[in-house]
Amino acid sequence: MSSDRFIRERFFPQIWCPGCGHGTILNNLVRVAREMGLDPEKVCTVSGIGCSARISGYLDFHTMHTLHGRALAFATGVKLARPELTVLVPMGDGDALAIGGNHFIHAARRNINMTVFVMNNRIYGMTGGQYSPLSGTGVLATTAPYRSIDRDFDVVKLAMGAGATFVARTTAYHVQEMAKLMKKAISHKGFAVLEILSQCPTYFGRKNKLGGPVQMLEYFKEKTVPLGSDKLNQDPTLIPRGIFVEETIPEYCDEYAKIVALAQEGARKRG
Ligand SMILES: Cc1ncc(C[n+]2csc(CCOP(=O)(O)OP(=O)(O)O)c2C)c(N)n1
């Protein structure tokens with residue numbers, strides 16, 4: 001099947017700024033869908049609101065563009081109603097972990113079979129560069145003109161703590177690794193989280209004087225290392241990439257189907 005089959009051409013040109021990492025993620029998702037032989041009729045992409053969330057418009061699957069921070073609630077409904085669908089949930093860091101943080105924790109805890117891509121650009125891109133829970137201290141943002149004093153947190157650790165059964169991290173620089181991890185995350189039966197560090201040159205980069213998209217990609221190249229690398233012990237500022245958790249435990253829709261069967265059996269017995 002050609003890549004065109006996965007693209008909704010009438011939504012183009014896309015809205016992202018030149019050099020935005022989100023375009024690389026879209027490109028890879030299309031490639032991965034083609035290489036995995038996904039049937040577009042059997043995939044549902046559910047997103048909230050944000051630059052990242054726009055990705056669902058560009059993919060010619062079943063798609064739902066829902067409410068900021070509520071993509072996982074909608075995705076849970078879709079998956080429970082139609083468990084045979086492959087459910088993909090692309091989210092921004094604000095969408096997933098500020099307004100949507102509680103949904104993120106509980107979807108992970110349930111181990112419902114879907115794949116979350118946290119497109120982490122450490123800023124609210126769509127609304128003009130407000131700082132997000134993942135911006136971290138010392139960052140300049142439109143809502144932190146004298147630098148942010150709020151600490152960030154580690155998405156990977158949060159996902160692991162909340163019980164996600166596949167947790168991985170990559171960056172927009174590591175394109176082939178990203179494709180590999182996307183395939184693994186999509187194939188995983190359970191709640192899969194793939195954090196993708198993505199550059200926002202317009203708000204995060206410009207405000208923090210990080211240079212253009214090329215310099216921001218070089219930062220990902222230099223400041224991240226594969227999990228297990230010795231360098232992680234030598235330099236605590238390095239960010240590990242790779243698969244942190246991959247485990248199989250009962251999946252939520254399967255367990256729910258068993259409860260439905262029990263309830264039906266009970267109803268039959270009662271007459
Ligand atoms: C309930 C609600 N609150 C706030 C907004 C405004 N809003 C739209 S997108 C967004 C943040 C987007 O940032 P992020 O999720 O990190 O994605 P990005 O645009 O950076 O990809 C906000 C605050 C909204 N649409 N709905």
**Q.** Convex hull volume of the range 3-270 per residue (C-alpha atoms, cubic angstrom)
**A.** 134
Q: Compute the signed sum of charges (Lys and Arg +1, Asp and Glu -1) over the other residues within less than 14 Å, Cβ to Cβ, of Cys17.
A: +3
Q: Would you work out the charge dipole size for the chain about its Cα centre, treating the Cβ of every Lys and Arg as +1 and the Cβ of every Asp and Glu as -1, and quote it to the nearest 20 debye?
A: 360
Q | Relative contact order for the range 78-206, counting Cα pairs under 8 Å that sit 6 or more residues apart, in percent | A | 28
Q) Rounded to the nearest 0.05, what FRET efficiency is calculated for Arg270 and Leu67 with R0 set to 41 Å and r the Cβ-Cβ distance? A) 0.55
**Q.** Burial ordering of His188, His22, fewest other beta-carbon atoms within 10 Å first
**A.** His188, His22
Q: Can you tell me the relative contact order of the chain? Whole percent, Cα pairs under 8 Å, sequence separation 6 or more.
A: 17
Q.
What does the net charge come to around Thr142 if you take all other residues with beta carbon closer than 13 Å to its beta carbon, with K and R at +1 and D and E at -1?
A. +3
Q | Highest to lowest packing among 32-39, 158-165, 4-11, 191-198, scored as the average C-beta count within 10 Å | A | 191-198, 158-165, 32-39, 4-11
Q | Likely footprinting exposure, Met119, Met64, fewest C-beta neighbours within 10 Å first | A | Met64, Met119
Q) Rounded to the nearest 5, what % of the DSSP beta bridges within the range 3-270 are antiparallel ones? A) 20
(Q) Check which residues have an amide H placed less than 5 Å from Thr63's amide H, if you skip close sequence neighbours. (A) Thr45
Q: Find the relative contact order for the range 1-93 and round it to a whole percent, using C-alpha pairs within less than 8 Å whose residues are 6+ positions apart.
A: 31
Q: Mind listing the long-range amide H neighbours of Val225? Cut-off is under 5 Å, sequence gap 5 or more, other chains count too, H placed in the peptide plane at 1.01 Å from N.
A: Ile239, Arg241
Q | Val193 long-range amide H proximity, modeled H, under 5 Å | A | Val116, Phe166, Val167, Ala168
**Q.** Those lysines that a straight Cα-Cα span of less than 24 Å connects to Lys209, excepting residues fewer than 8 apart in one chain
**A.** Lys221, Lys223
Q) Within a Cβ distance under 11 Å of Asp60, other residues only, what is the Lys/Arg minus Asp/Glu net charge? A) 0
**Q.** Contour excess over end-to-end distance, with Cα ends at Asp230 and Ile99 and 0.36 nm allotted per residue
**A.** 43.5 nm
Q.
Pairwise over distinct Cα atoms, reciprocal of the mean inverse distance: report the Kirkwood radius of the range 1-126 in Å, one decimal place.
A. 14.5
Q: Calculate the translational D of the range 118-168 in whole µm² s⁻¹ from Stokes-Einstein, where the hydrodynamic radius comes from the Kirkwood formula applied to all Cα pairs, the temperature is 25 °C and the viscosity 0.890 mPa s.
A: 207
Q.
How long are the semi-axes of the equivalent ellipsoid of the range 148-271, taking √(5λ) for every eigenvalue λ of the Cα gyration tensor, in whole Å from largest down?
A. 40, 16, 14
Q. By how many nm would the segment from Ile149 to Val245 grow when fully extended, if each residue of separation counts as 0.36 nm and the alpha-carbon distance is taken off?
A. 31.5 nm
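Rule-based calculations on the coordinates, nothing more; no lab input. On a predicted model such as this, the values are computed, not experimentally measured, just so you know. Methodologically, a virtual Cβ is constructed for each residue, glycine included, from the backbone with ideal geometry; neighbour enumeration extends over all protein chains shown.
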